[in-house]
Amino acid sequence: MARLIGITLPDEKRVDYALTLLYGVGWNNVKDILKTANISSNKKVKEMTEEELKKISEIIEKSYQVEGDLRELVTGNIKRLKEIGSYRGLRHLRNLPVRGQRTRSNARTKRGKRKTVGALKKEVWAKLEQGKTGAQISDNKQGVNK
């Protein structure tokens, strides 16, 4: 089990994929890192030596912001946007899409499950009302609303 900057890399995976598991390191960064370190991207993590792992970690620490530092930077930026009251900050506060996406028909991951608002058929409305009144009556019998 190889550890790099506090993250355990899976032994059976290739080095290029394993490095993308670090927060802030993408495929283009991996190509640059491996080229600088003179390491083949086809190598598995378990085949790497300690010296190669040290070389990779030195390159990452010197040239890139990753993991905790990057997460702090991003949360700090979002917090700053909220404090100054910018449009993007308000969108973050209200948990809505920030980058101009439409919300009328999409944005389900941000806005949550659909809730039906508007017209209901008479039968459905009657059942809902009956269910509410039935629940209130049973609560009153048990002494919940006293």
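Here is how the numbers come out for the structure above:
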{"read-out": "Cα-only Debye scattering, the stretch 2-67: base-10 log of I(q)/I(0) at q = 0.18, 0.24 Å⁻¹", "value": "-0.54, -1.07"}
{"read-out": "Listed residues ILE84, LEU96, VAL45: farthest to the positive end of the dipole of the chain (Cβ charges)", "value": "LEU96"}
{"read-out": "Cα centroid separation - the stretch 3-29 against the stretch 41-62, whole Å", "value": "10 Å"}
{"read-out": "Theoretical ellipticity at 222 nm over the chain - DSSP helices of four or more residues, -39500 (n - 2.57) apiece, nearest 500", "value": "-17000 deg cm²/dmol"}
{"read-out": "HN-Hα J in Hz across the stretch 31-39 - Karplus 6.51, -1.76, 1.60, θ = phi - 60°, x for Gly and Pro", "value": "4, 5, 4, 5, 5, 5, 7, 6, 10"}
{"read-out": "Matching label, Rg and Dmax of the Cα atoms in Å computed from the structure shown, candidates [x] 14.7, 50; [y] 14.4, 44; [z] 26.6, 77", "value": "[z]"}
{"read-out": "Relative packing of peptides 115-125, 86-96, 30-40, 10-20 - highest average C-beta neighbours within 10 Å first", "value": "10-20, 30-40, 86-96, 115-125"}
{"read-out": "The chain: relative contact order in percent, alpha carbon pairs under 8 Å with at least 6 residues between", "value": "14 percent"}
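All of the numbers you see were taken from the coordinates with simple rules; none came from a lab. Being a predicted model, the structure only gives us computed values, none of them experimental. Note that we place each Cβ from the backbone using ideal geometry, even for glycine, and neighbour counts take in every protein chain shown.
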